[in-house]
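Before any comments, here is the structure.
The values are calculated or read from the model by the stated rules, or taken from the named source; none is laboratory data. Values in this document were obtained by computation on a predicted structure and should not be read as measured data. No Cβ is skipped: glycine too gets one built from the backbone with ideal geometry, and neighbour counts run over all protein chains shown. Each accessible area value is taken on the protein alone, full model and side chains, heavy atoms only, with ligands, DNA and RNA left out. Shrake-Rupley method; radii C 1.70, N 1.55, O 1.52, S 1.80 Å.
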Amino acid sequence: MFGLETDIFLLLAFCLFAACAFEFVNGFHDTANAVATVIYTNALKPNTAVVWSGFCNFLGVFFGGIAVAMGILNLLPTELLIDQNVYHSIAMVLALLFSAIIWNLGTWYFGLPSSSSHTLIGSILGVGLAFTFMPENTRGTGVNTSKAVDIFISLLASPLFGFSLAVVLMFILRKTLDKPLQKLVFSEPKKNQPPPPWIRAILITTCTLVSFFHGSNDGQKGVGLIMLILIGITPAYFALNNDLDPTLMRGNIAQIETVINKVDSNVLSPLNQTELAETKREIASLQDQLSKPLEGNVFPQGKRLNARRSILLIDRNVKDLLDSKNVNISLADADVLKTQISENTGIRRFTDYAPDWVVLMISLSLGLGTMVGWKRIVVTIGEKIGKQHLTYAQGASAELVAASTIGASSWLGLPVSTTHVLSSGIAGTMVANKGIKNLQGGTVRNIAIAWILTLPVTMTLSATLYYFFRWVF
């Protein structure tokens, strides 16, 4: 019979493996988004294309930052992120991982370009909604509603943007290129014959950009998953960024306290009054911990989750107070609060982080996954969305739209569906070329059905699994 520590270690190892498996599946599930156009225009051989795309995905994760990763984490309510019961955290992680992997594998098997982003977000929302009805939830909702709305708008708008911009790009190419050049770029590639060098360079460049930005966006979701696992199961080691000097937090806390003390509690709603009182308590708790000697200039292991709890509660409550109509503070004081809780210069920089080894592990998982299992969805992207073979102009336009959309979303810290952006871009180029009749209705319908069903199915599945694992653990 294993001891408690051995049980937790085995569960941690399994959860980390499952997270890497999700990112591996994400790699071969989404490979088509980058390589379909270069394969179907003969710009690169299939094996060369997937290896190159895998390498660029690896680089995208490694150099893409962690803004999207933290956005994924922040979908969950603060109470769920600071639950002291390790087995509750394990139940949460297993539920969302299993739900995401099951849906990803299912849609891949049927060759449907479903979104891994959509899948993971649906799984997280399902766990959050399930938590709503747990006895330890005292705030009514188990989802960070404002963050969920931002992400939902991003997921909804990105395919519409991809379709529209692809149509516009095709129109611009037709109006600006002279007739000989038009004939070349709008013609179907000759079988087994590579395009002219300059067209080939454009296609490979756009493939490279999509692969890199796919890594920087989708790869960060894997980073967020790993951090969720590490913080939930081993908070003594990963609740805070121990590379930062915790005494730097003193200045942030002092400035937050100064502004918070100016708030008149008499004009606040009961909820805001509770949040204000809780903020003051958590500030006092942090100040108490920071007043004690810190061995090795880090919080003691047993105190790190408490410190993380205080930081997250201060962050949440301050944001709620700033959004409240009853809180009357100056714009200057509001800016002070925003600065002092931010992830760049404020207290959130101690909680919003990812070690290099985590980023490397996800980079490898996504990069290796990109190199296998790609053919099913490549065929759908390249042959089944439109009724004609991809032209050079269509391939370059769709990839350029995808790269710019995903890159902008990563910069803004918003998860976006690479699959939906590129497949909608391909559809846009087909419509721009020969009208709506140039689309294959069956494929477009199946993609749309998968897009519509992803959220409700993954939410239901992850919520059910969460209840099951809570019962097991």
Along its principal axes, what span do the Cα atoms of the stretch 149-239 show, with the longest given first and each in whole Å?
66, 32, 19
Among Val168, Trp52, Ala21, which residue has its Cα positioned farthest towards the positive end of the charge dipole of the chain, with +1 placed on the Cβ of Lys and Arg, -1 on the Cβ of Asp and Glu, and the dipole taken about the Cα centre?
Val168
With viscosity set to 0.890 mPa s at 25 °C, what whole-number translational diffusion coefficient in µm²/s follows for the stretch 228-375 from Stokes-Einstein and a Kirkwood radius over Cα pairs?
145 µm²/s
Added length on full extension, which subtracts the Cα-Cα distance from 0.36 nm per residue, Lys338 to Leu294
13.1 nm
If you average the C-alpha positions of the stretch 302-345 and of the stretch 403-468 separately, how far apart do those two centres end up, in angstrom?
35 Å
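Apply the a/c threshold of 1.5 to the C-alpha gyration tensor of the stretch 262-337 and tell me whether it is rounded, prolate or oblate. Walk me through the numbers before you get to the answer.
Working: a/c = 2.81, a/b = 2.25, b/c = 1.25.
Note, shape of the stretch 262-337 comes out prolate.
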One quarter of the convex hull surface, Cα atoms only: what value does that give for the stretch 34-78 in nm²?
4.2 nm²
Distant-in-sequence amide H partners of Gly386 (H built 1.01 Å from N, under 5 Å):
Gln440
With a 1.4 Å probe and all protein chains left in place, how much of the accessible area of the stretch 197-287 comes from carbon and sulfur atoms, in whole percent?
60 percent
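What's the ranking of 286-297, 350-361 by average number of surrounding C-beta atoms within 10 Å, highest first?
Highest mean packing first, the order is 350-361, 286-297.
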Hull-based mean projected area of the stretch 335-473, where the convex hull spans the alpha carbons, in square nanometres
13.4 nm²
Percent of Cα-Cα pairs more than 36 Å apart in the chain, please.
34 percent
I need the chymotrypsin sites (Phe, Trp or Tyr not before Pro) found in the stretch 95-136, filtered to DSSP loop residues with at most 10 other beta carbons within 10 Å of theirs.
Phe133
How much FRET efficiency would the formula 1/(1 + (r/R0)^6) give for Thr176 and Trp198, where r is the Cβ-Cβ distance and R0 is 22 Å, rounded to 0.05?
0.85
Subtracting the Cα-Cα distance from 0.36 nm times the residue separation, let me have the gained length for Asn261 to Thr132 in nm, one decimal.
43.3 nm
For the stretch 301-341, just say rounded, prolate or oblate: build the C-alpha gyration tensor, square-root its eigenvalues into a ≥ b ≥ c, call rounded for a/c under 1.5, and beyond that prolate if a/b exceeds b/c, oblate if not.
prolate
Given points 7 Å out from each Cα along the Cα-Cβ axis, report the Leu412 to Thr205 separation in nanometres with one decimal.
2.5 nm
For the stretch 316-330, take each phi angle, set θ = phi - 60°, evaluate the Karplus expression 6.51 cos²θ - 1.76 cosθ + 1.60, and give the result in whole Hz per residue in order, putting x for glycine and proline.
5, 5, 4, 5, 5, 5, 5, 7, 6, 6, 7, 8, 9, 10, 5
Positive end of the dipole of the chain, charges at C-beta (+1 Lys, Arg; -1 Asp, Glu), about the Cα centre: which of Leu294, Tyr237, Val472 has its Cα farthest in that direction?
Val472
The chain - mean residue ellipticity at 222 nm from DSSP helices (-39,500 (n - 2.57) per run, n ≥ 4, rounded to 500):
-24000 deg cm²/dmol
For Leu360 and Thr6, what does the FRET efficiency come to when R0 = 25 Å and r is the distance between their Cβ atoms, rounded to the nearest 0.05?
0.40
Please give the charge dipole size of the chain, origin at the Cα centre, charges +1 on K and R Cβ atoms and -1 on D and E Cβ atoms. Round to the nearest 20 debye.
1900 debye
